[in-house]
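Colleague: Just passing along the structure, written as structure tokens.
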Amino acid sequence: MTEIERLQYDVVVIGAGGAGLRAAIEARLQGKKTAIISKSLFGKAHTVMAEGGAAAAMGNVNANDNWQVHFRDTMRGGKFLNNWRMAELHAKEAPDRIWELEAWGAIFDRTKEGKISQRNFGGHQYPRLAHVGDRTGLELIRTCQQKIVSLQQEDYREFGDYDAKLRVFAETTVTRLLKDAEGKICGVFAYIRETGKFVVIETPAVVLATGGIGKSFKVTSNSWEYTGDGHALALLAGASLINMEVVQFHPTGMVWPPSVKGILVTESVRGDGGVLKNSDGKRFMFDYVPDVFKDQYATTEEEGDRWYEDADNNRRPPELLPRDEVARAINSEVKAGRGSPHGGVFLDIASRLKPEQVIKRLPSMHHQFKELADVDITAEPMEVGPTCHYVMGGVEVDPDTAAALIPGLFAAGEVSGGMHGSNRLGGNSLSDLLVFGRRAGEGAAEYASEVTVTVPESEVEAAMAEALAPYDREGGENPYAVHQELQQTMNDLVGIIRREEELEQAIEALGKLRERVANVSVQGGRGYHPGWHLALDLRNMVLVSECVAKAALERQESRGGHTRDDYPAMSPEWRKVNLVCRLASEGADGFVELKRQEMEPMREDLIGLFEVDELKKYLTEGELPSEEN
Amino acid sequence: MGYKAKFRVWRGDGGEGELKDYTVEVNEGEVVLDAIHRLQATEAPDLAVRWNCKAGKCGSCSAEVNGRPRLMCMTRMSTFEEDETVTVTPMRTFPVIRDLVTDVSYNYEKAREVPSFDGGDVKPGEFRMQQVDVERSQEFRKCIECFLCNNTCHVIRDHEENKEHFAGPRFLMRVAELEMHPADVADRRQIAQDDFGLGYCNITKCCTDVCPEHIKITDNALIPMKERVVGRRYDPLVWLGSKIGVVKRGKETPKA
Ligand SMILES: Cc1cc2nc3c(=O)[nH]c(=O)nc-3n(C[C@H](O)[C@H](O)[C@H](O)COP(=O)(O)OP(=O)(O)OC[C@H]3O[C@@H](n4cnc5c(N)ncnc54)[C@H](O)[C@@H]3O)c2cc1C
Ligand code: SF4
Ligand code: SF4
Ligand code: FES
């Protein structure tokens with residue numbers, strides 16, 4: 001019998017990125033004994049990679065900014081598929097969350113008045129992103145990490161044990177959420193990567209903060225952690241996911257050399273003046289401004305350039321359109337044969353800023369291109385193309401408490417759905433992590449005060465058998481081969497531009513892959529065995545991919561991160577629809593079921609923030625406010 | 001374009017192991033980590049390696065390549081001759097867990113001992129700091145915690161016995177970062193010397209040499225800290241800060 005370590009906590013947070021750390025800080029501040037579980041080392045979660053900044057309407061650079069403007073930008077960026085209550089809370093609370101970081105020791109770049117500086121980004125009307133050069137995610141993670149350490153230091157002074165109230169389980173992977181007979185969450189099942197040993201933590205409240213799903217795609221800016229674990233864990237526990245079809249392809253990933261294809265080139269390059277050109281040297285984005293945005297973007301290069309100096313009297317350049325628009329435009333240019341030598345387009349900052357300015361403002365980009373591609377971005381243009389970056393879809397949650405639809409489960413950050421609608425604006429994720437991380441921590445702490453649980457032994461046994469299965473199978477397939485095929489399938493058939501036949505093909509292929517996943521095998525010991533880890537991650541990737549493909553087939557329109565070649569228009573009827581995925585029967589062999597669910601109409605005061613003419617582009621006749629107001 | 005590269009990789013756990021020879025395909029533009037991943041996907045599925053971002057941002061993939069402490073994801077294969085054997089071993093200063101993965105908990109323990117940022121009575125949203133005053137600390141906050149500097153420093157590299165009294169360049173730099181933070185009100189000079197072992201550092205700059213973030217650890221953090229400890233307010237930025245009353249130093253802060 002394999003030995004299992006057993007522990008008890010009030011709140012368990014799965015994930016040590018921005019959302020997880022902020023949730024854990026909150027739960028601990030509410031007095032709860034809290035555990036943080038993370039697949040990687042403490043301080044290395046995917047959030048460290050975030051570059052450009054965190055969006056918050058502090059109004060430090062342009063005093064006209066406020067939460068209402070931020071809310072409007074977020075809804076527009078998401079093409080009104082957003083959960084408006086989440087967008088509202090996010091816009092209202094983001095500034096406090098950023099200021100709080102500063103009080104914990106974060107050092108953002110400064111304005112002349114000594115306040116936190118804010119930079120321009122696509123889709124944001126005013127300079128809004130608090131930033132530290134182009135390593136804002138690192139600052140966010142490090143600050144939260146150091147805040148956790150400071151709380152542990154307090155506990156050490158009080159209890160003589162740093163881990164008394166807040167403990168980090170690094171390099172530990174959760175493979176199952178455990179439920180009791182009443183259907184409440186009662187714990188988690190995990191393995192310690194280093195030793196392969198199992199841990200069961202009994203807890204009434206679990207916060208999922210596991211990030212995204214990008215590793216199901218071949219070209220992605222995401223790291224190995226992004227295997228959709230939280231999405232899958234939620235499904236397997238009976239919770240629902242919404243709008244999984246909307247996946248953000250960031251317009252600017254590196255395209256060369258092949259081994260770095262997909263690595264992100266931050267949008268700050270464009271925010272700071274960088275422009276996109278095709279092989280004819282033309283700034284092609286002027287040809288791609290869609291109708292809904294016609295009034296807000298410059299029509300000439302001169303006007304676009306003036307905007308950087310005088311934003312109040314000029315319209316912004318179209319390079320700063322929301323990401324979905326820019327990604328599709330690049331895709332079209334390359335298809336039309338006007339791409340760069342390695343299949344992207346050119347992103348030019350060299351002719352726009354002096355070399356020392358480039359190095360000062362974009363140090364990591366300078367470093368990244370020099371080290372990885374032998375390109376000096378102060379002298380030559382970069383080659384860039386779309387890369388799978390972010391999943392807007394995720395766990396369906398209550399906006400105020402971040403509670404999922406099964407008791408005891410909460411979700412925040414990229415793993416949750418709704419906040420960003422069909423397309424996330426740059427910078428809105430980091431602030432989302434903080435706003436909803438805090439709310440999830442609070443929600444979980446409150447719930448944990450009222451509920452007690454015990455883990456049924458049968459749940460533990462089932463989870464352990466599942467985790468050990470790859471060792472029991474002999475002569476099964478190599479997990480790496482199956483993973484590669486999954487990535488290729490998603491990239492080719494469920495990528496940036498989608499069609500009915502291809503999506504059907506994908507769903508069929510995924511069914512076969514699911515069978516193969518159930519048959520992968522590994523040999524050797526369980527200590528730090530990456531092959532075994534991947535074998536277990538594959539269950540999650542296939543499940544989540546199936547959600548993406550099925551929802552993509554269902555939604556017969558194009559909106560944000562979901563582009564259908566065969567349904568190119570945005571449809572007001574479809575805007576009202578959230579696509580909800582669940583497992584038809586629990587267990588890994590259950591299949592994904594889709595349901596259409598009508599969205600709740602926007603509150604009147606919020607809808608009043610928009611001009612009726614603009615609303616007409618998105619909403620059905622019946623949803624418009626009556627003409628007299 | 002691809003070629004077959006010769007690799008020698010440390011394999012083993014529990015204090016035992018050996019260098020194993022491999023031949024692996026390498027393509028244009030690839031880095032050492034790509035080759036290690038190809039090994040995993042083909043002949044060594046259980047080869048343990050820590051990584052995350054593959055973009056030099058998370059500091060997970062630290063190892064020694066031909067004896068030199070480096071991030072595997074930022075070490076391009078084109079820096080080696082095609083017929084050269086590339087030897088990859090785990091960081092030497094930390095105990096090996098398996099293959100290329102080491103137990104870096106020493107670093108997390110030291111991090112816990114450094115008294116945290118103390119912003120005094122300033123309320124969130126009310127901090128006012130000038131860019132020039134924060135630049136020093138910002139340089140140190142670029143640190144990705146790859147721990148290559150701590151791995152390299154001779155004070156602990158082959159001297160297990162010093163670990164208890166020496167926080168390593170990474171965390172001496174953390175002390176410096178807080179000391180130079182214009183809004184921090186604690187005073188960690190005494191503990192830098194007494195508890196974190198600043199005195200062991202004899203400014204060889206080996207830590208600076210290996211830092212993938214090109215932080216000038218020795219010149220900008222360690223030497224100014226040493227000077228502060230002997231009470232000479234040398235660093236012109238902070239000297240100015242204290243002149244204009246930004247820095248209020250309270251009494252000495254004990255180790256956390
Ligand atoms: C290159 C890049 C640049 C970006 N730049 C920006 C930007 O400038 N601004 C912005 O707003 N957004 C940006 N984003 C997006 C943003 O960084 C992410 O959406 C965000 O960091 C996600 O944070 P999170 O807290 O949800 O999860 P993450 O930070 O991804 O953390 C997930 C955590 O969950 C853990 N985990 C996952 N599965 C399990 C499991 N089964 N068991 C245990 N632990 C598990 C992981 O180990 C990790 O600790 C960027 C993204 C990328 C890839
Ligand atoms: S300069 Fe000091 S800290 Fe750095 S390697 Fe040398 S002795 Fe160690
Ligand atoms: S200071 Fe440099 S070498 Fe040391 S841990 Fe930080 S990034 Fe790594
Ligand atoms: S993998 Fe992140 S630094 Fe190498």
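Every read-out reported here was derived from the displayed coordinates using simple, explicitly stated rules and does not represent laboratory data. Fair warning: this is a prediction, and the values are worked out from it, not measured in the lab. All Cβ positions, glycine included, derive from the backbone under ideal geometry; neighbour counts span all protein chains shown.
Colleague: Just one of the numbered conditions (1) part of a helix (DSSP H, G or I); (2) farther than 26 Å from A:F42 by Cα; (3) within 12 Å of ligand 2 (Cβ to nearest atom); (4) of a type outside the set (S, T, N, Q) is not true of B:P169; which one?
Modeller: (2)
Colleague: Oh, and also: May I ask you to list the residues in region A:454-483 that are outside any helix (DSSP H, G or I) and not charged (D, E, K, R)?
Modeller: Initially, region A:454-483 is screened for residues outside any helix (DSSP H, G or I), giving A:454-456, A:473-478.
A:T454, A:V455, A:P456, A:G475, A:G476, A:N478, listed by residue number.
Colleague: Still on this structure, I have one more. Which residues, counting only those in region B:1-28, are surrounded by fewer than 20 Cβ atoms within 10 Å (Cβ to Cβ), touching a residue at least 24 places away in the same chain (Cβ under 8 Å) and small (G, A, S)?
Modeller: The answer is B:G2, B:G12, B:G15, B:G17.
Colleague: Could you list, in sequence order, all residues of region A:326-373 that are closer than 28 Å to A:T563 by Cβ and of a type in the set (K, R)?
Modeller: A:R328, A:K335, A:R338
Colleague: What are the pairs with Cβ atoms under 6 angstrom where one residue, in region B:163-188, is within 11 Å of another protein chain (Cβ to nearest Cβ) and the other, located anywhere, is in a helix (DSSP H, G or I) and more than 16 Å from ligand 3 (Cβ to nearest atom)? Sequence gap at least six, or different chains.
Modeller: Sorted first by the residue in region B:163-188, then by its partner, the pairs are B:M180/B:V238; B:P182/B:D133; B:P182/B:G241.
Colleague: OK, next. Being outside any loop (DSSP other than H, G, I, E, B) and acidic (D, E) is the filter; apply it to region B:139-162 and report the residue that is nearest to the other protein chains (Cβ to nearest Cβ).
Modeller: This residue is B:E139.
Colleague: If we keep just the residues of region A:135-175 that are touching a helix residue (DSSP H, G or I) at 6+ places or on another chain (Cβ under 6 Å) and more than 10 Å from chain B (Cβ to nearest Cβ), which is surrounded by the fewest Cβ atoms within 10 Å (Cβ to Cβ)?
Modeller: Going through the qualifying residues, I end up with A:A164.
Colleague: Okay, next question. Can you pull out the strands (runs of 3 or more DSSP E) entirely within region A:182-259 that have at least 1 residues that are not aliphatic (A, V, I, L, M)?
Modeller: A:185-192, A:198-202, A:247-254
Colleague: A follow-up question, please. Picking from B:T208, B:T204, B:T218, which residue would you name as being assigned to a loop (DSSP other than H, G, I, E, B), near ligand 2 (Cβ under 10 Å from one of its atoms) and either within 18 Å of the chain's Cα centre (by Cα) or hydrophobic (A, V, I, L, M, F, W, C) (or both)?
Modeller: Of B:T208, B:T204, B:T218, the one residue that is assigned to a loop (DSSP other than H, G, I, E, B), near ligand 2 (Cβ under 10 Å from one of its atoms) and either within 18 Å of the chain's Cα centre (by Cα) or hydrophobic (A, V, I, L, M, F, W, C) (or both) is B:T204.
Colleague: Of the residues A:L534, A:L510, which single one is within 14 Å of chain B (Cβ to nearest Cβ) and not in a loop (DSSP other than H, G, I, E, B)?
Modeller: It is A:L534.
Colleague: Being basic (K, R), closer than 21 Å to A:T195 by Cα and not in a strand (DSSP E or B) narrows it down to one residue among B:R92, B:R136, B:R112; which is it?
Modeller: B:R92
Colleague: How many residues does region B:36-46 contain that are facing another protein chain (nearest Cβ under 7 Å) and in contact (Cβ under 8 Å) with a residue 40 or more places away in the chain?
Modeller: 0
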